[in-house]
Amino acid sequence: MRRFVFTVSVGAVLLFLVQPMAARALLPWFGGSAAVWTTCQLFFQVLLLGGYAWTHGLVARLPPRRQVVAQLTLVSIAALSLLVTAAWWGGPVIPGVALRPPDSTWPIPRLLLTLLLSVGLPYFALATTGPLLQAWASTARVTTGSVYRLYAVSNAGSLLGLLAYPFLLEPVATLRVQGWVWAAGFVAWGVGLVVAGKSVHPERSRGSPPAHPERVPSTPPERSRGALGRNWLALSAGPVVLLLAVTNHLTQEVAPIPFLWVLPLVVYLLSFIVTFESERWYRRAWVLPLLALLSVGIAALRSVEHDLPLPARIVAYVLFLFVACVASHGELASTKPDESQLTRFYAFMATGGALGGVFVGLLAPALFTGFYELELGIVFLLGAVALQQTAKGAIRAAWPLITGVALMLLIGVLEHRRGVLASRRDFFGVVRVVLSGDGDDETHLLMHGRTVHGAQQLHHRDQPTTYYALESGIGRLLTLERATPRRVGVIGLGIGTLAAYGLPGEVYRFYEISPAVIDYAQSEAFTFLSRSKAKTEIAPGDARTTLEREPPQAFDVLVLDAFSSDSVPVHLLTKEAMALYLTHLAPGGVLAFHLSNRSLELVPVAARVGRELGLEAAVIRADAKSNWALPSRWLLLARSRASFAGLALTDEHPPSDVPLWTDDFSSLWRVVRW
């Protein structure tokens, strides 16, 4: 049994170690969008289904010894793919820059293709580990109960892999080193698979009875095979929908950092351990009432959560997710079949998980203009758990609860849509145009999640607002008198507020990755661009990729305004990125970083990179004094302090006591304001 435990554990660690690793590597290529993680999870869910389907086919059609040969052949091909990618990119798993997309069109297909080329075959091979090793263990005189405990062992290994990445591997190792560590683990797993394969009984077929005919509780006899399969699908899909929806919510509220990707997945896996390790741990008597109570609480929270501190919001959603997954997976475990149907059971579970991933990752962005899958996921999971109950009284009691929760969630959705004039969802998030105020104070806002990306007063259209008001750092810089017209670059369009500072003969060139933001900034709702006295230009796509292709732009001021929202594009704050900006800066030019982020302390990060490149740094903090102004913090970097002449600086020596960020190393975990 020990050899099976070792191989299952190592395979599970690798399965879930590579997920945040791959997402972390690809995040800069796709604008730092939190949707990168959701798309990665969709990819891994589908490959998991493929691995389970492969296992079911092997076990159903081949005798045990031929199963071992076929599996080892697959693993050899996967190992060869790691060697090929290592030779091609200089290291395994982490994709080379040749795959970097040239623009921001078709992000999901490009992301899926990159994942397939970089880690597809090894992950597919690893995905077969759990069910296949359980099937092999059943031929090696292991009891059925012990076989199912291997599933709990697998989830414990997955939990270890998830926690190891943000806390052990990511803070200390570069991406290339991480890739080699993972490849070494894959080799160890392959050796363990060979040893486990030697334990497989050479003659016993899949359909023969187990050596120890101990059985787990079986399916209620009144349920048909088809109805049981539908229940397995629903009870597997519901938790995945909630997992991805809660992850979307948390990463929109804080930042797309591995810890907040990992946390919901940790409690998801923990629910499997609780429900599959022992039947004693799942008790309907306390789980289902607690699920009902938390569902009502989350439904109420959806309307008022902006008033709660960040830790309280995280705890509320993670606790609800855990109880919901325990309830669903507990009901799933109560119907697990004997070993003759083991691989079919896991195939249905993987199919349900893949369907949940497809709904959140592909269908929801195409169907909805907002993040509504959380509300739908709550109602769906409650319905799936209710339908699993066999007692008619329990079912009758569940439907009023589900109806009440659905109505509360609907009220919350309608409350969030109050004042919304237009809304659009794409790969980079949900962007809304909101009408606020009345009379002389009537204002159009551009919102990305909870972050204000710009505000224009309808009766004072030419007045700069929010973080770009006259008293802000950038306002002071752009209103300094100079003899020649400026050429200004701006990374992050928003609604084009900075164009209000433009003068005749000047050029304001904006870089923006989100097509939705570009469309709204040029719409009738906002007129900063159309009314500017300067010439305005918009370069669509990722700013860094675009600047790498452009000739030197000789900007007198290059504004970096991509860090105020919660989805921070880390690749725009690295040493390599800063060196690129300097090639586009005119002599005496200034880099102006807008770092008014409510969740992250980014001033030391940018100051540290500037110090590495020999730049002078200063900070301007400003309180809100004019109408519709917001408190702001701007970090200025220049080759000489003479570029700051005439500015009232708040801090001439900002802190820079953080590790240097490069394209190969960064850690948002260290700069989160908890």
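The rows are residues; the columns are (1) at pLDDT 95 or above; (2) under 28 Å from Val177 (Cβ atoms).
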position	(1), (2)
Ala23	no, yes
Gly31	no, yes
Ala34	no, yes
Trp37	no, yes
Cys40	no, yes
Thr73	yes, no
Ala78	yes, yes
Val84	yes, yes
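Of all the residues in the range 653-674, those that are modelled with pLDDT under 90 and in contact with a strand residue (DSSP E or B) (Cβ under 8 Å, 6 or more places away or on another chain) number 4. Gly437: crowded, with 20+ Cβ neighbours inside 10 Å and not assigned by TED's automatic domain parsing to the domain that holds Val36, yes or no? Considered against the rule, which asks whether it is crowded, with 20+ Cβ neighbours inside 10 Å and not assigned by TED's automatic domain parsing to the domain that holds Val36, Gly437 comes out as no. Determine, yes or no, whether Ala350 is modelled with pLDDT of 90 or more, closer than 18 Å to Ser271 by Cα and out of contact with any Asp or Glu (no Cβ under 6 Å at 6 or more places or on another chain). Considered against the rule, which asks whether it is modelled with pLDDT of 90 or more, closer than 18 Å to Ser271 by Cα and out of contact with any Asp or Glu (no Cβ under 6 Å at 6 or more places or on another chain), Ala350 comes out as yes. Within the range 587-613, the set of residues being closer than 14 Å to Leu668 by Cα and β-branched (Val, Ile, Thr) comprises Val603, Val605. Can you find a residue that is surrounded by fewer than 19 Cβ atoms within 10 Å (Cβ to Cβ) and of a type in the set (Ser, Thr, Tyr) anywhere in the range 454-466? Within the range 454-466, not a single residue is surrounded by fewer than 19 Cβ atoms within 10 Å (Cβ to Cβ) and of a type in the set (Ser, Thr, Tyr).
Exactly one residue out of Pro101, Pro122 is not basic (Lys, Arg) and either not in a helix (DSSP H, G or I) or not assigned by TED's automatic domain parsing to the domain that holds Ala350 (or both), and it is Pro101. Here Ala78 meets the list (1) under 20 Å from Leu17 (Cα atoms); (2) surrounded by 20 or more Cβ atoms within 10 Å (Cβ to Cβ) almost entirely, failing just condition (2). Residues that are surrounded by 15 or more Cβ atoms within 10 Å (Cβ to Cβ) and either in a loop (DSSP other than H, G, I, E, B) or of a type outside the set (A, V, I, L, M, F, W, C) (or both) within the range 469-485 comprise Ala469, Leu470, Glu471, Ser472, Gly473, Gly475, Arg476, Pro485, listed in sequence order. Could we say that Gly412 is surrounded by 14 or more Cβ atoms within 10 Å (Cβ to Cβ), in contact with a Ser or Thr (Cβ under 7 Å, 6 or more places away or on another chain) and at positive phi here? No: the conditions fail for Gly412. Filtering the range 612-642 to residues that are surrounded by fewer than 17 Cβ atoms within 10 Å (Cβ to Cβ) and either over 26 Å from Ala586 (Cβ atoms) or polar (S, T, N, Q) (or both) leaves Arg621, Asp623, Ala624, Lys625, Ser626, Asn627, Pro631, Ser640.
Residue by residue through the range 502-513, note down the ones that are within 20 Å of His453 (Cα to Cα) and surrounded by fewer than 24 Cβ atoms within 10 Å (Cβ to Cβ). Within the range 502-513, Gly502, Arg509 qualify.
For the range 567-602, a tally of residues being surrounded by 18 or more Cβ atoms within 10 Å (Cβ to Cβ), within 22 Å of Thr466 (Cα to Cα) and in contact with a Lys or Arg (Cβ under 7 Å, 6 or more places away or on another chain) returns 4. Tell me yes or no: at least one residue of the range 267-275 is exposed (fewer than 14 other Cβ atoms within 10 Å of the Cβ) and modelled with pLDDT of 85 or more. Scanning the range 267-275 turns up no residue that is exposed (fewer than 14 other Cβ atoms within 10 Å of the Cβ) and modelled with pLDDT of 85 or more. Return the total of residues in the range 554-566 being in contact with a helix residue (DSSP H, G or I) (Cβ under 8 Å, 6 or more places away or on another chain) and either surrounded by fewer than 22 Cβ atoms within 10 Å (Cβ to Cβ) or among the aromatic types (Phe, Trp, Tyr) (or both). Residues that pass the stated criteria total 1.
Consider the range 486-514. How many of its residues are within 28 Å of Thr545 (Cβ to Cβ) and either of a type in the set (Lys, Arg) or assigned to a loop (DSSP other than H, G, I, E, B) (or both)? Qualifying residue count, the range 486-514: 12. Within the range 437-447, not a single residue is over 31 Å from the mean Cα position of the chain (by Cα), in a helix (DSSP H, G or I) and under 29 Å from Thr650 (Cα atoms). For the range 301-339, a residue qualifies if it is surrounded by fewer than 16 Cβ atoms within 10 Å (Cβ to Cβ) and over 25 Å from the mean Cα position of the chain (by Cα), but none of them does.
Selection within the range 648-662: residues that are in contact (Cβ under 8 Å) with a residue 60 or more places away in the chain and under 14 Å from Glu612 (Cα atoms). The member of this set that is farthest from the chain's Cα centre (by Cα) is Leu660.
Mind listing whichever residues of the range 643-652 are small (Gly, Ala, Ser) and surrounded by fewer than 20 Cβ atoms within 10 Å (Cβ to Cβ)? Of everything in the range 643-652, those that are small (Gly, Ala, Ser) and surrounded by fewer than 20 Cβ atoms within 10 Å (Cβ to Cβ) turn out to be Ala645, Gly646, Ala648.
Restricting attention to the range 643-673 and to residues that are assigned to a loop (DSSP other than H, G, I, E, B) and aliphatic (A, V, I, L, M), the residue that is farthest from Leu591 (Cα to Cα) turns out to be Val658.
I'm trying to understand the selection: among the residues of the range 524-533, which are in contact (Cβ under 8 Å) with a residue 12 or more places away in the chain and either outside the structural domain of Ala500 (by TED's automatic domain parsing) or out of contact with any Pro (no Cβ under 7 Å at 6 or more places or on another chain) (or both)? Matches in the range 524-533: Ala525, Phe526, Thr527, Phe528, Leu529, Arg531, Ser532.
When Ser9, Ser76, Ser81, Ser33 are screened for being outside any helix (DSSP H, G or I) and hydroxyl-bearing (Ser, Thr, Tyr), only Ser33 passes.
The values are calculated or read from the model by the stated rules, or taken from the named source; none is laboratory data. Small disclaimer: the values here were computed from a predicted structure and weren't measured. Reconstructed Cβ throughout: ideal geometry from the backbone, glycine too, with neighbour counts over all protein chains shown.
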